[in-house]
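Undergrad: Below are the structure tokens for one structure; questions will follow.
The values are calculated or read from the model by the stated rules, or taken from the named source; none is laboratory data. This one's a predicted model, so the numbers in the text were calculated from it and none came from an experiment. Quick reminder, even Gly has a Cβ in these numbers, built from the backbone with ideal geometry, and neighbours come from all protein chains shown. Areas reflect the complete protein model, heavy atoms only, side chains present, ligands, DNA and RNA absent. Shrake-Rupley method; radii C 1.70, N 1.55, O 1.52, S 1.80 Å.
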Amino acid sequence: MNKRWTIGKIKEFVENNSESKLLTTEYQGFSQKLQFQCECGNKFEKTFKKFKDNHQRKCEVCQPPKASR
């Protein structure tokens, strides 16, 4: 079953699964970058897929990117 995400459902997921805050107010689709605010106050952008599936739920200061292989 394919789950259809709305901005409301995404906001609820962010609140329940991270310390970050969703700043974006409209959701166009999975490839859209959403704007978040990290618990430290920094703003960052990620697609919801990366935020949800890859656990990239903080800014690059608090959660540095993994080194490439």
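Undergrad: Is it true that Lys46 is open to solvent by less than 40 Å² (accessible area, probe 1.4 Å) and touching a Lys or Arg at 6+ places or on another chain (Cβ under 9 Å)?
TA: Values: open to solvent by less than 40 Å² (accessible area, probe 1.4 Å): yes; touching a Lys or Arg at 6+ places or on another chain (Cβ under 9 Å): yes.
For Lys46, the condition - open to solvent by less than 40 Å² (accessible area, probe 1.4 Å) and touching a Lys or Arg at 6+ places or on another chain (Cβ under 9 Å) - is met.
Undergrad: Still on this model: Could you count how many residues in the stretch 6-41 are of a type in the set (Phe, Trp, Tyr) and open to solvent by 60 Å² or more (accessible area, probe 1.4 Å)? Before you say what the answer is, go through the steps one by one.
TA: Taking the stretch 6-41 as the starting set, the residues that turn out to be of a type in the set (Phe, Trp, Tyr) are 13, 27, 30, 36.
From what is left, the residues that are open to solvent by 60 Å² or more (accessible area, probe 1.4 Å) are 30.
Number satisfying all stated conditions: 1.
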